[in-house]
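In what follows, a structure is listed as structure tokens, so that the remarks can point back to it.
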Amino acid sequence: MIVTTKQLFEAAYGKYAIGAYNINNLEQTMGLFRGCMDSQAPFIIQISKGARSFTHKNMLEALIRAADGIFPDAIFAVHLDHGDEATCFDCIASGFYSSVMIDASSEPFEKNVEITKRVVEAAHAKGIVVEAELGQLGGVEEHVKVDEANAKLTDPDQAKTFVEKTGCDSLACAIGTSHGAFKFSGSQGLHFEVLKEIQKRLPGFPLVMHGSSSVPQEEVRRINAAGGNLKGAKGVNEDEFAHAATLGVTKVNIDTDGRLVWTRVHREFFRDFPEKFDLRDPGKIFMSEYAKFIAHKNEKLGSAGQLEAVRKLVK
Ligand code: G3H
Ligand code: 13P
Ligand code: ZN
């Protein structure tokens, strides 16, 4: 059943966070649904601009509709990840997405407000909810390049003004993470003090943590042992999700970790079975490993076991 992120946030706020997982293909879709059913968790499916153009924007929609039929008990939102204004409008018009993210965080504050407001008005008119972003993550985003050294954490006072001016439904805050597999060097970590100040000014308002992959060191080791080269990869401590949830983080975005599972499975498979060439052989292993990975993340986020409680609220 497709619901809005707002409905999921109402159930989760202050207690746990909902996992928001990016998908690009059939195997990820099946693994995601299986993992969330195995762990009895509500979830958010994220589709990036790159995912929409990987095959055709209608392809992932068809896969998700099929999965919804195969797993009739699943409860999830369908969300555009890091949209620009044109893509947001396209998703709003499609009638399929229950939630969009407008990412105008690279623009000056007033311009970010202006663009976000336009998307909020169009989305709300159709019952679709909007995530916006203020502050800049380090690392590389799809259409924005920000040097990690210049990453700008979200200003708590600006966050309050931004939410009031735009009417957005949730806010992605920069609290020290970045996208990809190389997040931190040295002793850097999450800036909980910033999160606390934002929650003080916006009590009860759902916050979103991007760049939340934990880049498990065992996964990196196995990838490198099977021919990969991911030296120095490092991520967020997944044991910190629970604390972040108490400070208002209700959506945690995870993409890179899933890509690492894919890379490990396929590198090890072709190393161990050089004579094989049936794509379904590693594909089956990947779906099973991805489902396990998703169930594990949902445990860490606290969303595991919440499915029936959420069903009562959204009915
Ligand atoms: O934040 C970016 C997400 O990981 C999506 O990545 O734009 O390569 O699909 P992508
Ligand atoms: P990771 O690169 O840490 O998985 O972050 C994903 C993300 O923020 C998608 O919007
Ligand atoms: Zn992101």
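Probe radius 1.4 Å, ligands and nucleic acids ignored: give me the carbon and sulfur share of the accessible area of the chain as a rounded percent.
54 percent
Taking 0.36 nm per intervening residue step and subtracting the Cα-Cα distance, what contour gain separates R118 from R259 on full extension?
Fully extending the segment from R118 to R259 adds 47.4 nm.
If you average the sequence gap of Cα pairs under 8 Å that are 6 or more apart and divide by the length of the chain, what percent do you get for the contact order? Let's see the in-between values first.
On the way: 629 pairs, mean separation 77.5, N = 315.
Across the chain, relative contact order equals 25 percent.
Could you size up the charge dipole of the chain around its Cα centre, putting +1 on the beta carbon of Lys and Arg and -1 on that of Asp and Glu, and report it in debye to the nearest 20?
400 debye
Using the Kirkwood formula over every pair of different C-alpha atoms, what hydrodynamic radius in Å results for the chain?
Numbers: mean 1/r = 0.0510 Å⁻¹.
Evaluated over the chain, this radius sits at 19.6 Å.
Using the structure shown, select from K49/K126; K284/K312; K152/K284; K57/K315 the pairs with a Cα to Cα distance greater than 32 angstrom.
Values: K49/K126 21 Å; K284/K312 34 Å; K152/K284 41 Å; K57/K315 29 Å.
In this structure, K284/K312; K152/K284 exceed 32 Å between Cα atoms.
Please report the spacing between the Cα centers of the range 15-32 and the range 94-116 in Å, no decimals.
Spelled out, the Cα-based centre of one part sits 22 Å from the other.
Pick out, from T29, Q306, A12, the residue whose Cα sits farthest towards the positive end of the charge dipole of the chain, with +1 on the Cβ of Lys and Arg and -1 on the Cβ of Asp and Glu.
It is Q306.
Which one, G232, F205, V261, projects farthest toward the positive side of the charge dipole computed for the range 180-266 from Cβ point charges (K/R +1, D/E -1)?
G232
Dipole magnitude of the range 155-253 about its Cα centre, charges +1 at Lys/Arg Cβ and -1 at Asp/Glu Cβ only, in debye to the nearest 20?
The calculated dipole for the range 155-253 is roughly 200 debye.
Roughly how many Å² is the accessible area per residue of the chain, as a whole number, for a 1.4 Å probe? It would help to have the intermediate numbers written out before the result.
Details: 13280 Å² over 315 residues.
That works out to 42 Å² per residue.
Is the shape of the range 172-315 rounded, prolate or oblate, going by the alpha carbon gyration tensor and its root eigenvalues a ≥ b ≥ c, with a/c under 1.5 for rounded and a/b larger than b/c for prolate?
Numbers: a/c = 3.44, a/b = 1.57, b/c = 2.20.
It is oblate, given that a/c is not under 1.5 and a/b is not larger than b/c.
Where does the chain land at 222 nm, in deg cm²/dmol rounded to the nearest 500, when only DSSP H runs of n ≥ 4 count, each adding -39500 (n - 2.57), divided by all residues?
-14500 deg cm²/dmol
How much length would be gained if the chain were fully extended between E10 and N224, taking 0.36 nm per residue of separation minus their Cα-Cα distance, in nm to one decimal?
Fully extending the segment from E10 to N224 adds 72.9 nm.
For the range 28-176, what's the radius of gyration and Dmax over Cα atoms, in angstrom?
According to the Cα coordinates of the range 28-176, Rg and Dmax are 16.1, 46 Å.
What is the dipole size for the range 1-77, taken about its Cα centre, with +1 at each Lys and Arg Cβ and -1 at each Asp and Glu Cβ, in debye to the nearest 20? Don't skip to the end; give the middle numbers.
Numbers: 7 positive and 6 negative charges, 58 e Å.
In debye, rounded to 20, the range 1-77 gives about 280.
GNM, the chain, Cα, under 10 Å: largest mean-square fluctuation among P203, P72, P274?
P274
Can you give the convex hull volume of the alpha carbon atoms of the range 10-86 per residue, in Å³?
Here the figure is 99 Å³ per residue.
What residues of the range 23-49 lie in the reach of a label at A66, counting those whose backbone N is under 16 Å from a point 7 Å from the Cα along Cα→Cβ?
From the range 23-49, the list is 23-34.
Could you tell me what percent of the DSSP beta bridges with both partners in the chain are antiparallel, to the nearest 5?
Working: 2 of 34 bridges.
About 5 percent, rounded to the nearest 5.
Can you tell me the convex hull volume per residue for the range 208-274, based on C-alpha atoms, in Å³ to the nearest whole number?
Here the figure is 75 Å³ per residue.
Note down the Stokes-Einstein diffusion coefficient of the range 260-315 in µm²/s, whole number, using a Kirkwood radius over alpha carbon pairs, 10 °C, and 1.306 mPa s.
Translational diffusion coefficient: 119 µm²/s.
Enumerate the aspartates and glutamates that K196 could reach by cross-link, defined here as Cα to Cα under 16 Å, with residues fewer than 8 away along the same chain left out.
Reachable aspartates and glutamates: D155, D157, E240.
The values are calculated or read from the model by the stated rules, or taken from the named source; none is laboratory data. Source: prediction; values computed, not measured. Using ideal geometry, Cβ is built from the backbone for each residue, glycine included, and neighbour counts are taken over all protein chains shown. The area values use the complete protein model at the heavy-atom level, side chains included, leaving out ligands, DNA and RNA. Shrake-Rupley method; radii C 1.70, N 1.55, O 1.52, S 1.80 Å.
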